[in-house]
Every structure is written in structure tokens, then in C-alpha cells.
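Notes for the one structure printed next.
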Amino acid sequence: MQETIQHAVQMIDLQFWHIMYLIFVGFVGGLVSGFIGSGGAFVLTPSMMSMGVPGIVAVASNMCHKFPKALVGAIKRAKFGHVDVKLGIIMGLSAEAGVLYGAHIQEHIKRTLGDAGSNLYVSIAFVIVLGTVGLYVLRDAFKAMALEKEGKGTLSEEEKPTKIAELLYKIHIPGTMIHFKSINKKVSFLFTIPLGFATGFLAATIAVGGFIGVPSMIYILGVPSLIASGTELVIAFIMGAVGTFKYAWSGFVDIRLAMLILLGSLFGVQLGAIGTTYVKGYMIKLVMGVIMVIILVSRGLMVPVYLSQLGWISPLNPTYVSLLKNTSFAVNALALFVAAFIIFKNLIKGIYEEKRYRVLETAHSTLKTTK
Amino acid sequence: MAEKVKKKPVGKFLVFAGITFILYYLLFAYESLINDYFTRGKFYAFLPVLTAFIFSYAHGNTTDLFWKVVGIEAKKRREVK
């Protein structure tokens, strides 16, 4: 089995458009990742598979680009004060346990129900998580935006810890309390472990653990959005590095594919990280919520296909199946581009305002000195 | 006048861009040999992980300096009025 895969890895002949495509999608994925802490995997893995890369090699190579990208992004965001390293490491280590358990469940489903079964499981996980968490994040972002428009939204008001977070701060379990600088409070690690575990479990299931990691840090631990998305990069780095090693141990990583995605994605991750310095916290929630809800639609479209493959509903017409598959992929890509558009728009607006401010500042100081 | 117009790190950028270029050139010039070793599994797993670290250091610096040279930088923190 391993020999076949090894052979398949060597067999892939990279064409010029493959290279350009990987660099381009890598850039957009990196941009989103630098901004919200994760992103890109849901478009990259299926695209690589459509190039003829075996599924497991696509997942392994994607992961191999993800951890250095997360590392570079985390270093950049740490310079802006957006990273709680201690929280990231604790969440990252517990996420590792979640990844192992999640992968175990995946294997079990694949053994009992086959490929269609595991595809259905992944899609349903997407629909449930994105449907609940995504809508909540989006609703919260719109609420903060409305407050901002009315002129009531101050930073402290917007990033006020939730009731759950307030409750957690009050619970004191001796011997387990850890001080986190992002919230300047002590929280028992017995509460952060399940959050990390869920993040890892989701990462092993749908490849994007950040969809649980970031909202759980914001809403359960009361971490400000900007720090939550920066800290997610530390979690992604730990999960990605261990995951890559695990796949590489069986020889599944195609380093050429991984480094090509990295080529574009490091440009993106730097730019996305810079973008976070120009926005308010709710923008992170908005971008994340928008992506989650669009991808929800994309995965929802595929559910009937898998149900018919399993024979749980009557078989679908093949033209209908390919239409659903193509639409689903297009919607996936759309999610990434809509997010990139929002980030770019804010970045350009922010830079423009900053430049105008600097010009005014210089004019002001020249005026002072001439007086 | 403590804050003059900062000089752009063009030289440093070119050095890192050069290193990154050489790394990518080597990767693709010897792609079959590299893929042969990198996919052998077991302790050879250190090879792709180590490569990813080296590339991310060189290319991470290149991209960081690239945006600085282009003039896109993070917003400066200032006191909120």
C-alpha cells in the first residue's frame, strides 16, 4: 500500500498551471489565515485531489505547508501583541489528543461505512458546527457593527467577556489554576483542555480546527477576538507540526506541493496579519462568520450525493451529481474570495486613512515649528 | 523630529529573496531525488519537517521584508483620544 502511494507521489507531473494555481490559492488562504487564524484548507485539499494527487497525500502536503505558515503568522502577530503563547501551547497540546481521537473515529467510520460514509460524516459535522457556531459568530459581529454605527461601540464594550467566561473566572479549582495574560485572569486548565480537544477533533474531522478554537476562546474564555485569532496560529502550528510528522512517517508528504503552497501563502499570511492592525475585533468575527456560513451551504449541497451513494435515498442522476459537486466546490472557493475581499477592502481603507493621518500630523508639526 | 522617513530594507530583502530562490531552485532541480528520500517514511520523516522550517525561515523573512519594501506596514499604535 505504502509503495503504491510512494509511486503515486513521484508520478504527479506538475504542470505550469498547477504551480500557478497552488501559489495563488496559497496566497488567498494565507491571507485569510493571517487574519482569522485558519483558512484555505477547504479549497486546497479538494483542488489538489482534482489534479490527480491521492487524497491522503493532498491532506499530508496541505498540513506540511500549514505549520510553517502558522509559525510565521504567529511570530508576526506576536509582534503586534496578538498572541497568548501560554494559552496557545496548552490548547495546542490538548488539541493533539483531539486530533488522535478524531482520526480514530474517522477510521472507524471508513471501515464500517466506506468512503461515502466518511464523506457524509464530514459533511454533517461541517453543517452542524458551521450552522450553530457560524451563525452565532455572524450574529455577534453584526450586533457589534450596529453598535459601532450608532457610535456606542467602544472597544471595551464590544469585547466584554460573555456570561460563561465570567462564570469560569469565578470557579477556583486548587492546583489547576493558570494565569493567562490575554484575559489577565486565572482559569483552570480543566476548562481549557476540552476546548483544545474539541479544536483538534474538528481539525481531524473537517481540517479547520479554528472554527471551534477561535470562537471558544472568544466566547468561553473571554479572550479578545484579535488575540484569539492570533493564538489560534500557535495551536495550528503545534497540530500541523505533529500531524506532518505523523504523515511523513508513512511517506505521504509531497514536499514540492507543500512548498509551492507555502510560496504564496507566506506573502498572504504576512499581509493578513498586517490587516488585523487596521481593524476592530468584530471584523475578525465577521470574516470568520461569513466563511463559515458560505461553506455550510457548500457542504450542505453534497449531503444528498453521499446519501444516494450509501443507498439511503434513491440514486441521483449522474449529471445532477456532477452539477452538485461543481457547485459545491465553486461555493467553497467563493467563501475564500469573499473573505479575501473583505480583508483587502479593510486593509486598503486602513492604509489610506493612516497615510492621511500621517500627512495631517506632519503638517501640524511643521506648522508648530514655523510658529 | 524623532521620526524621519524610514529607509526601506531593500538590501536585506534581496539577500533573503536570493536565498529563497536558491532553495526553490534546488528543490525543483532535484525533485525526483528529493521526493525519493522524503517519502521513504520512518526517520526520513524529519526531512520534510526540517525542510519546511528552513523554507519558512528564509521565505518568511523574504515576504516580511517584501511588504516593508512595498510600503505596506502595520498600523502604528497611538493613544486613543
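Here are some notes:
- Taking chain B as the region of interest, the helices (runs of 4 or more DSSP H) fully inside it that hold 1 or more residues being at pLDDT 95 or above are B:10-29, B:46-70.
- Residue match in region A:241-248 (condition: free of Cβ contacts under 8 Å to residues at least 24 places away in the same chain, surrounded by fewer than 24 Cβ atoms within 10 Å (Cβ to Cβ) and part of a helix (DSSP H, G or I)): yes
- Only one of the numbered conditions (1) touching a residue at least 60 places away in the same chain (Cβ under 8 Å); (2) under 20 Å from residue A:233 (Cα atoms) is not met by residue A:79, and that is (1).
- Residue within region A:293-310 that is at pLDDT below 90 and assigned to a loop (DSSP other than H, G, I, E, B) present: yes
- Candidate set: region A:289-312, residues that are farther than 25 Å from residue A:110 by Cβ and touching a Gly at 6+ places or on another chain (Cβ under 8 Å); chosen: the one surrounded by the most Cβ atoms within 10 Å (Cβ to Cβ): A:291
- All told, residue A:295 falls short of being within 30 Å of residue A:353 (Cβ to Cβ), away from chain B (no Cβ under 14 Å) and in contact (Cβ under 8 Å) with a residue 60 or more places away in the chain.
- Just one of the listed residues (A:220, A:193, A:235, A:206) is closer than 24 Å to residue A:44 by Cβ and at pLDDT 90 or above, and it is A:235.
- Flag for residue A:322 being at pLDDT 90 or above and either surrounded by fewer than 17 Cβ atoms within 10 Å (Cβ to Cβ) or touching an Asp or Glu at 6+ places or on another chain (Cβ under 6 Å) (or both): yes
- Odd one out for residue A:72 among (1) surrounded by fewer than 23 Cβ atoms within 10 Å (Cβ to Cβ); (2) facing another protein chain (nearest Cβ under 9 Å); (3) not hydroxyl-bearing (Ser, Thr, Tyr): (1)
- Lone qualifier among A:164, A:109, A:193, A:105 - being touching a Ser or Thr at 6+ places or on another chain (Cβ under 7 Å), part of a helix (DSSP H, G or I) and in contact (Cβ under 8 Å) with a residue 24 or more places away in the chain: A:193
- Number of residues in region A:249-268 that are touching a residue at least 40 places away in the same chain (Cβ under 8 Å) and at the interface with chain B (Cβ under 8 Å from one of its Cβ atoms): the value is 13.
The values are calculated or read from the model by the stated rules, or taken from the named source; none is laboratory data. Treat the numbers as computed from the prediction; the structure is a model and nothing was measured. A quick note on method: Cβ atoms are made from the backbone with ideal geometry, for glycine too, and the neighbour counts reach across all protein chains shown.
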